[in-house]
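Data block below; observations after.
Nothing in this text is a laboratory measurement; each read-out follows from the coordinates by a stated rule. Everything numeric here is computed off the predicted structure, so don't read it as measured data. Here the Cβ positions follow ideal geometry from the backbone for every residue, glycine too, while neighbour counts run over all protein chains shown.
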Amino acid sequence: MTRREDYINRIHRMFSIAEIELKSLAKNNLNNANIVWEDITNRILNICFTYNTENLNQEKANFPGIDLGNRENGIGIQVTRRNDVTKFRETIEMVIRNEGYKTFPKLKIFILGRKKATYKLDNQSWESYLQFDVESDILDFGTILNYCQSMEPGKLKELTEYLEWELKCDGSVNHASIEKIDAYMELVKRENSHIMIIGLGKQLPIEKTWIQLQLIKRDDLLKMETSKNDKETMLTAYHEYSTRDKDVYDVETVLETGRKTVVLAGPGMGKSTLCKKLLFIALRRGCRSIKVSLMDVAGYIRTGQSFDEALRSAMVQSLDFQLEKEEVQGQFEFLFLDGLDECGDIRRKVAQEISAWSTGHQSVKIVVTSRPIGYDFLPLEDFEHLEIQTLNPDHLNSYVEKILEELEPENLESCIGWFEKQLIQRKIRDLACRSPLLLGFLLQMSIRKQFFGQYRCELYEQILMEWLQRSSRENAKKISESELLRGSEIIAFYMLNHVDEMYQGVYTKSKIVEYVGTCFEEELECRKLVGRQKAEICVDFWSERGILDCSYFQGEERYLFLHLNIGEFLAGKYISQMTEISKQEWINSHYRQSIWHESIRMAIACEDEISIIEKLLEIEQGSQLPNGAIFLAAEGVGEKHSSKGPQALYDKLLEYLQSDNPYLSNKAAKAIWQMEGKSLNWHTEVLLRLLQTNFMWIRDSSYSVYLRIPVEEQDYDVLRNFIICYGKNPDRGYQGLAKKNMEETVKRLKIAERDLPVIDAIKHIYYDHCTVAGMKILQEYLEQVGEKEWADEYYQQKSKFSIADFMKSHQKLEDNLGMLVQILVDIYGTTEIKNPMKICPEYSKLLQVIGLMEMPISELMVLQYDLSNSYSKSILKAACLAGGIDVDRLKEELYYLLKNGEDMETSRFDQIRCNLSAECLWERTGGVIPIGHIVEGLCSNSDILGIPSALIALANSEEEGMKGGIRELLFRGDSNVMARVGWLLPRIFKENSMSLMLKRLDSNDLPCYHELYDNLNDCQGPINWEQWLRIVKKGLNSDEPDVAKAVLKYLLNEKKESYPENIKEPLINTIKQQFELWLNKKVTCQQCKSGAILDERGFCPKCNTGGDLPLGSFIEVLLAMQQCPKEDLITYIGHENSDMSKVARAGLEQILVEDGVFLDNCLERLINRQVPNYIFSVILDLPSHCLKDRKESILRLANGEETVLTLNFIRRLNNQEWLNGDDRKDYLEKMVAHPDSTVRSRAMACWLGDDSVYNYFMVE
């Protein structure tokens, strides 16, 4: 290598480091480095081009538009990290506005990084003022590197040595180092550009994948940790954790915001694919990135390497060279670390090393993936945590279509049709949504036109055979297919048997192989060594195929089923193949354990006989009370692919159907539903007789069963009479069963004849007495019998809303969004593109910046009034600047929205939007738009422009006229303006904000707005306490509930010790007086404007909308001031206002915990009926240590004549840890025979295990 090449490589390395660090510092709002780089740039340019410039900011801070200049030759240079056209325009406009062109007519811009390939900039606005050529006067690091090729050797050496001294980068990097980095980047691109659909052998481009992320709350994560020792929930949580809806963002958000991120998801949900997607996006943006498996990193750490050494070793483990620390320093912007959970017993240590490494590498963005179970939050607590969301079932078909379009474009419609037809069972659809891996197999089966099966066990069997038969096996001579399948069943049975020891090493490979090998040895009558060999092959085989998922525990491989459901199915197959004696004994000892329930269902479905059903029925019949075995049997029958149903099981359920216990009757009916379609003697005459009983719950349950007998056995008159009777009394029914019966009956009604009594009954039920789903069923019937016009008219009359009104509102929203796009076009123009766009990220980011998509419809509807004002352009332009919008890309998107958007099938403004969490730096807007426009923006009708205007005002607080404008609005603005001005006041006026706020609130000539009180806590400065007390009284005395609540919230958050002594007593008296007034105040509804008075609950009798009264807030403040007597709290708990009752209840609970004497007093008064019964529920919700010594009194109340006390106790029985299992069992045995049907029903639900109490009392 020549000396020149060495110098250039060293400069290239230093520029690369600088570029990455400057980007990182800017992201974290650390802009001091830009100021330092003004001097560095000045030296660089003077060495290279002899401009002889000097730093103008040393003469005058923030010299307008120009940082470096030479007055003699007229050169002015702007130094900036930004490389967008918007920045160039702003610079030019600022130089012209401040007449900088008179001294520096030759403008140049130096970018601290890389400029774009081309820029389009109209020079008409500046050519008469400045000499500035877009092609030659925009300089960057690349300009310097290109110039170095022909630079004088002495100057080149000087530049190199200066940069190494300034940037502390002594030493040289040779050409081989650059080649290593390039080789690694090629490897990364090659390995992460696609995903593989297992079984099809086809690769899909990674850009075709799309996975949503949703934010995870820390509380949820800690909740997972607390469930670690609960074997009932542990495995379910492990496989189903990522199923809850939260705020959802697209994957690009991980790259846009936050420097350190952890992504959590269960097995098979796409963590590794997510890493590939993020890496692909980063590389496409020109950002060098590292992606490694943390399992590999952990392996190197175990050999004694540091994390940094292990990271570099993992990077190049498939390459023929090593990377030194100096060779990678500053070369990468992103680090993707996949699989923290795979680090085994050193997982915590690896997490700690990651955290420490991130501290020393501030310029690198880090993304870590892990599973939630076993994840330790603390080592990475300063990382942002996200989780992968399961696929939305409503979007599953469109997602499948996108993949099939790549896999089978010629047979697309056929494959999609097959997939949709097969996915009719909800449970199978849920499985597909939970796992992209499983979805891949369903796609494979769709392409081959294979049936998924009507039952889950059929699908699982298909998947296993697909895995088995489509796999090439070198070990076919050592183990057969039947032995592989049997091995998977043994593994599954072993794992479920040892769930409670999951974290004690029982799932390690050695333990599994030992158990399976022993089973093989016995079943195959082979030698021990052969059995272990077959077991090991079996574990490896299913691990390679993705059935088993490998992680590490204490340095050894540990396995779990990738899909818990398949593991439960395999365990069920194992159970079904036990000997009859073993099977009966096993069922007898395990049927109560809920962790085995799914496997028992699957065992029933898999066995050819009905021996498990018979055993469960035998257990049920041998019990004095129902014990749940029969319901488990019925659920298994529902999964069984057999037309014949077990008659004895049905007969026993029919017996329960006639129970005087409403819950048991209802549960029996639902169990019988599982047997629909089976060949049975349905005892139709018994069902018809039960329809005449006096017990409503038996009638409803019996009729629901009658609807499931074969159609040929049903009497149409029974269905017809049910609808007519239901129409006369539509509000009846037990647990909603009657409504379900009604909906099912309407589906079976004859359409050919106009049955007027039936039609009249359905008209009476329609809208007012049905669910949303039921209304759709009723509407279809009415349309089929020629009553569509009546249904539409009645719907509009009741809902006071027409389809025409909806379409008009929708069009108005579209027009407003179209107006927004047109204004953006007016500001920036458009750039023509040829290819259509799927999403518009820059437009989406702008919508996020101004908060448009989070605003209510009402805000969107008034947006047009704001957009019609000239100030809107300034606000939107500033918002683009704050959000770092790439204007060049935005112009392309605007062109597409205007020219191509009309062809979209749905709303073009919603269809192209992606959900990105934009990062906003509002300080960028300082000094860029007129103060008058900001003030106008603060007066916007909509928060869409109003809130950004407030943020812009804050960034411009020191600009001339800004404070005066805000002060003027404070004394004349409306409610919307007060929200924004109130927020700005403490942030801009600071120590003077309190006096200004008090002056405004004390004015009798101006309305009193709650938005001002909302911000009173943030105000600073001395307080005039007499004036302060006046404004508190004024707010509490307001007729507006929101104002009084805002005052009370302020008082609750204010430091009580800061009150002067002469203020405390008048303040307390004021609060008490106003509370009494509010308790009796007649408040009119502000929602429907009908003038109706809110009732005691705080609801309007006309529109049934809550008025949000401040009663609960009054009690909160009085409790905080210790001014709310205990007896008053007891009274307030019974108040019809739910907020007031809730706060009083919480206050009384706290007093009862702290005051045992008062607790005893309350129990005694409950026994003597001297306090309301609802106090018993308050006591039952207290911690166990408060109740364990008061068992006798509590049980006396729970066994008393007051039914409401008994019901409250049963409802909370599972929370009463002070009560042992035998006591619970005795109590419930007594309650299921209680004379009250509601008590019997709730006790039976508790007895059968609902409300998670099963394991407490089902003990022999």
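Tabulated data
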{"item": "Spatially proximal lysines relative to LYS106 (Cα-Cα < 18 Å; intrachain offsets below 8 disregarded)", "result": "LYS87"}
{"item": "Dipole-positive endmost among ILE931, SER355, PRO986 within the chain (Cβ charges, Cα centre)", "result": "ILE931"}
{"item": "Rounded Å value of the spacing that divides the Cα centres of the stretch 1037-1073 and the stretch 1176-1230", "result": "40 Å"}
{"item": "Virtual spin-label span in nm between ASN1161 and PHE321, 7 Å along Cα→Cβ", "result": "8.4 nm"}
{"item": "Three-way shape label, the stretch 537-609, alpha-carbon gyration tensor, a/c 1.5", "result": "prolate"}
{"item": "Within the chain, helix-based [θ] at 222 nm, where runs of 4 or more DSSP H residues each add -39,500 (n - 2.57), nearest 500", "result": "-17000 deg cm²/dmol"}
{"item": "Qualifying lysines (Cα of each under 18 Å from Cα of LYS157; at least 8 residues distant if same chain)", "result": "LYS168"}
{"item": "The stretch 947-1031 - percent relative contact order, Cα under 8 Å, separation 6 or more", "result": "29 percent"}
{"item": "Dipole magnitude (debye, nearest 20) for the chain, charges at Cβ of Lys, Arg, Asp, Glu", "result": "660 debye"}
{"item": "Antiparallel bridges, percent of DSSP beta bridges restricted to the chain (to nearest 5)", "result": "45 percent"}
{"item": "Under 13 Å, Cβ to Cβ, from GLU90 - net charge with Lys/Arg +1 and Asp/Glu -1", "result": "+4"}
{"item": "Distance between modelled label sites at GLU5 and ILE1093, nm, 7 Å Cα→Cβ extension", "result": "9.5 nm"}
{"item": "Backbone HN-Hα couplings from phi across the stretch 760-774 [Karplus 6.51/-1.76/1.60, Hz, Gly and Pro as x]", "result": "4, 5, 5, 4, 6, 6, 4, 6, 7, 10, 8, 7, 4, 5, x"}
{"item": "Which label in (1) 59, 46, 32; (2) 48, 38, 30; (3) 121, 64, 26 gives the computed semi-axes √(5λ) of the Cα gyration tensor in Å", "result": "(1)"}
{"item": "Point-to-point label distance, GLU410-GLN329, nm (Cα→Cβ direction, 7 Å offset)", "result": "5.8 nm"}
{"item": "Computed E for ASN57/LEU921 - FRET, C-beta separation, R0 30 angstrom, nearest 0.05", "result": "0.90"}
{"item": "Paramagnetic reach from THR50 in the stretch 72-88 [backbone N under 20 Å; point 7 Å along Cα→Cβ]", "result": "72-77"}
{"item": "Cβ-Cβ FRET estimate between LYS1191 and ASP660, R0 fixed at 35 Å, reported to 0.05", "result": "0.70"}
{"item": "Top positive-direction residue, dipole computed over the chain with Cβ charges, set CYS519, GLN422, SER858", "result": "SER858"}
{"item": "Whole-number percent relative contact order across the chain, with pairs defined as alpha carbons under 8 Å at least 6 apart", "result": "6 percent"}
{"item": "Greater than 22 Å apart at Cα, pairs in LYS740/LYS776; LYS670/LYS1225; LYS1033/LYS1142; LYS740/LYS1225", "result": "LYS670/LYS1225; LYS1033/LYS1142; LYS740/LYS1225"}
{"item": "For the chain, with +1 on Lys and Arg beta carbons and -1 on Asp and Glu, the positive-most of ALA1120, ALA669, LEU1148 along the dipole", "result": "ALA1120"}
{"item": "At R0 = 30 Å, FRET efficiency that the Cβ-Cβ distance of ASP540 and ILE178 yields, to 0.05", "result": "0.15"}
